[in-house]
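J.: I'd like to ask you about the structure that follows.
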Amino acid sequence: MALMEQRQFEIMAYQDRHADDFARLNREWLDRFELYEEADGKHLYSPRESILDPGGEIFIAEKNGRVVGTCALVPVSEKVFEVAKLAISQESPGQGLGRRLAECALDRARERGAVRVILFSSSKLGPALKLYESLGFEYRPIPGDQPYATADVYMEREMDAARSGALPASSEGI
């Protein structure tokens, strides 16, 4: 029963009360992998202005009232969205929470009529890349106008209205 209790997370829409936790969780992994740069700061410290006001969404995972995960869906154009700022607390790895948050973002993109979802990442983030692959993202050449100097991975997923974000679980969650 204890294992089941450990997996109980509530995923909700971002509220301004989540701002500090959103920044903290993302800054932890960015600093751990030496990937933090100014382009990250605009999302981390001004998520309302940089993500929400332009039409994006942020998903927050809480466990026992504590924020343990985040994932943003940022509009690139009317039909293209970016999955960004997927962060899981160091206390909650390996419980499938990263998968659940990414699936929430993909499902929401589909509801909003997305034809493609993109993401930028780093080859330093092996478990995250495996998760994205298992969710149907495919590697593509990095666009010349990409905003992150430290990103050396670019992936896309074409959206099919009939296919949900949940694909068969072929790898462990992050």
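The values are calculated or read from the model by the stated rules, or taken from the named source; none is laboratory data. This structure is a prediction, so every number in the text was calculated from the model and none was measured. A quick note on method: Cβ atoms are made from the backbone with ideal geometry, for glycine too, and the neighbour counts reach across all protein chains shown. Ligands, DNA and RNA are stripped out before the accessible areas are found, and what is left, the full protein with its side chains, is counted by its heavy atoms. Shrake-Rupley method; radii C 1.70, N 1.55, O 1.52, S 1.80 Å.
J.: Which is the longest stretch in the chain that no exposed loop site breaks, taking sites as GluC sites (Glu not before Pro) with a DSSP loop state and at most 14 other Cβ atoms within 10 Å?
T.: 92-174
J.: Ignoring ligands, DNA and RNA, what percent of the 1.4 Å accessible area of the chain is carbon and sulfur?
T.: Values: 4340 of 8690 Å².
The nonpolar share, carbon plus sulfur, comes to 50 percent.
J.: Mean residue ellipticity at 222 nm from the helices of the chain, using -39,500 (n - 2.57) per DSSP H segment of n ≥ 4 over the full residue count, to the nearest 500 deg cm²/dmol? Please list the in-between numbers first.
T.: On the way: 5 runs with 51 residues, N = 174.
Mean residue ellipticity, 222 nm, calculated: -8500 deg cm²/dmol.
J.: Give the accessible surface of the chain per residue, rounded to a whole number of Å², with probe radius 1.4 Å and ligands, DNA and RNA excluded.
T.: 50
J.: Report the trypsin sites (Lys or Arg not before Pro) located in segment 5-87 that are in a DSSP loop and have at most 14 other Cβ atoms inside 10 Å of their Cβ, or state none.
T.: Values: sites: ARG7, ARG17, ARG24, ARG27, ARG32, LYS42, ARG48, LYS63, ARG66, LYS79, LYS85; in loops: ARG7, LYS79.
For trypsin sites (Lys or Arg not before Pro) across segment 5-87 that sit outside H, G, I, E and B with at most 14 neighbouring Cβ atoms in 10 Å, the list reads ARG7, LYS79.
J.: Pull up the DSSP beta bridges for the chain and report the antiparallel fraction as a percent, rounded to 5. Mind showing how you got there, number by number?
T.: Working: 26 of 29 bridges.
Percentage antiparallel, nearest 5: 90.
J.: Which pairs break 21 Å Cα to Cα here: LYS63/LYS130; LYS79/LYS130; LYS63/LYS124; LYS85/LYS130?
T.: Details: LYS63/LYS130 24 Å; LYS79/LYS130 25 Å; LYS63/LYS124 27 Å; LYS85/LYS130 16 Å.
Check vs 21 Å cut-off fails for LYS63/LYS130; LYS79/LYS130; LYS63/LYS124.
J.: Given axes a ≥ b ≥ c from the Cα gyration tensor, I'd like to know whether segment 17-76 is rounded (a/c under 1.5), prolate (a/b larger than b/c) or oblate.
T.: Note, shape of segment 17-76 comes out oblate.
J.: While we're here: Is the C-alpha gyration tensor of the chain telling us rounded, prolate or oblate? Criteria: a/c under 1.5 is rounded; beyond that, a/b larger than b/c is prolate, otherwise oblate. Can you show the working numbers first?
T.: Numbers: a/c = 1.29, a/b = 1.13, b/c = 1.15.
Taking the square roots of the gyration eigenvalues as a ≥ b ≥ c, the chain is rounded.
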